[in-house]
Amino acid sequence: MDNNIVIKNVDKFYGNKQALYNIDLTIGKGMFGLLGRNGAGKTTLMKMLAALHQKKKGEITVCGIPIEKAGQIRAVTGYLPQDFSMYPSMRTDEALEYLGTLSGMKRDELRKRTTSLLARVNLTEHRHKKIKQLSGGMKRRLGIAQALIHDPKVLIVDEPTAGLDPEERIRFRNLLCEVAEDRIVILSTHIVGDIEATCEQIAIMDEGRILWRGTVSELVKNAEGHVYTVNVEKKFMPQIKKEYIVTGMLAQTEYATVRIVSDQEPDLPNAVLTEPDLEAAYMYCLHSSGCDVKGGEE
């Protein structure tokens, strides 16, 4: 069986409004990051890959299966939506067994799989707790377990770490990397740190279009020569934010050390060319593609 997701010339409309424009992507095994601002079209694309939304035109195959064969697609994909929820009074293990039953799994296999997955997502000691008693991070980990219950070849996770505390976010990202060792995992997010910590292959979306596709290192290299550091008096910061893309600011007593993305050297005293990080590279990609990112605001 083909182990790639292939997307060719895909458009999507909601009524008369076009949500996706001519999407072309090939996604292979491992972690793949889909990075973009809120409203960029990431969730729409994720739902299409999970056979929950239909395309207007173009072609999509998931592990060699045409996207039109929704039943077969759902058999090989696991999906964790942005707004994952389950019956709050159901126990953790009951939730997994219920969803596995809906997937047509046999009872003995399902019990073994439930025990194995609860251990993998570090929820064994919470298996008898009701879902309403779980923390936000635990619920997200349960979400991964439910998406993996039928051992899919593809795992699609949409904005999974939004709202998690730093410790839980790290734990969740590590879990995704482990899962990606033997399957395709697509991580859709607007959080640059999630991509930086987990993905090498990425795509950037904005307003329904793919702006960039490649590796993290290639994206960072693309921003070389366009990132500067400058020390300025704090009173000038409002004006600098109007004129430049500010990706970082370390405030001191009267001065601030500011990180700026610019097409050319800023007309500011003591501006020093700096090696870009992923966040600056992402902002430069948006800017160079014509997106409005003045002031470092998304």
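The values are calculated or read from the model by the stated rules, or taken from the named source; none is laboratory data. None of the values given here were measured: they were computed from a predicted structure. Don't worry about glycine lacking a Cβ; one is built from the backbone with ideal geometry, like all the others, and counts go over all protein chains shown. Side chains included, ligands, DNA and RNA excluded: accessible areas come from the protein's heavy atoms. Shrake-Rupley method; radii C 1.70, N 1.55, O 1.52, S 1.80 Å.
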Just want the answer: with Cβ charges of +1 for Lys and Arg and -1 for Asp and Glu, which residue in 76, 161, 131 is farthest toward the dipole's positive end in the stretch 54-170?
76
Rounded to a whole %, the carbon-and-sulfur portion of the accessible area of the stretch 48-162 at a 1.4 Å probe is 48 percent
Based on Cβ point charges of +1 for Lys and Arg and -1 for Asp and Glu, what charge dipole magnitude is obtained for the stretch 166-298 about its Cα centre, in debye rounded to the nearest 20?
240 debye
Rounded to the nearest 0.05, what FRET efficiency do residue 251 and residue 213 give with R0 = 25 Å and r taken as the Cβ-Cβ distance? Could you check?
0.10
Let me know the charge dipole size of the stretch 110-234 about its Cα centre in debye, to the nearest 20, where only the beta-carbon of Lys, Arg (+1) and Asp, Glu (-1) is charged.
1000 debye
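Say R0 is 45 Å: what FRET efficiency, to the nearest 0.05, do residue 124 and residue 59 get from their beta-carbon distance?
About 0.60, to the nearest 0.05.
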Cross-link list 47/112; 42/221; 112/153; 106/130: which exceed 27 angstrom alpha carbon to alpha carbon?
47/112
How large is the charge dipole for the chain, taken about the Cα centre, if only the Cβ atoms of Lys, Arg (+1) and Asp, Glu (-1) carry charge, to the nearest 20 debye?
1540 debye
According to a simple spin-label model (label point 7 Å from Cα along Cα-to-Cβ), what is the distance in nm between residue 75 and residue 102?
1.9 nm
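Per residue, how many Å² of accessible area does the chain show with a 1.4 Å probe?
49 Å²
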Difference of contour (0.36 nm per residue) and Cα-Cα distance, residue 273 to residue 174:
32.3 nm
The stretch 2-31 and the stretch 203-242: distance between their alpha carbon centers, rounded to Å:
25 Å
The chain: relative contact order from alpha carbon pairs under 8 Å, six or more residues apart, as a whole percent, is 20 percent
Just 148, 110, 268 to compare: in a GNM of the chain, with alpha carbon springs under 10 Å, which one fluctuates most?
268
Which peptide among 11-17, 272-278 comes first, and what is the full order, when sorted by highest mean count of other Cβ atoms within 10 Å?
272-278, 11-17
Just the ratio, please: alpha-carbon radius of gyration of the stretch 1-130 over 2.2 N^0.38 Å, N its number of residues.
1.24
Per DSSP H run of at least 4 residues, take -39500 (n - 2.57); add these up for the chain, divide by its residues and hand me the 222 nm value, nearest 500 deg cm²/dmol.
-9500 deg cm²/dmol
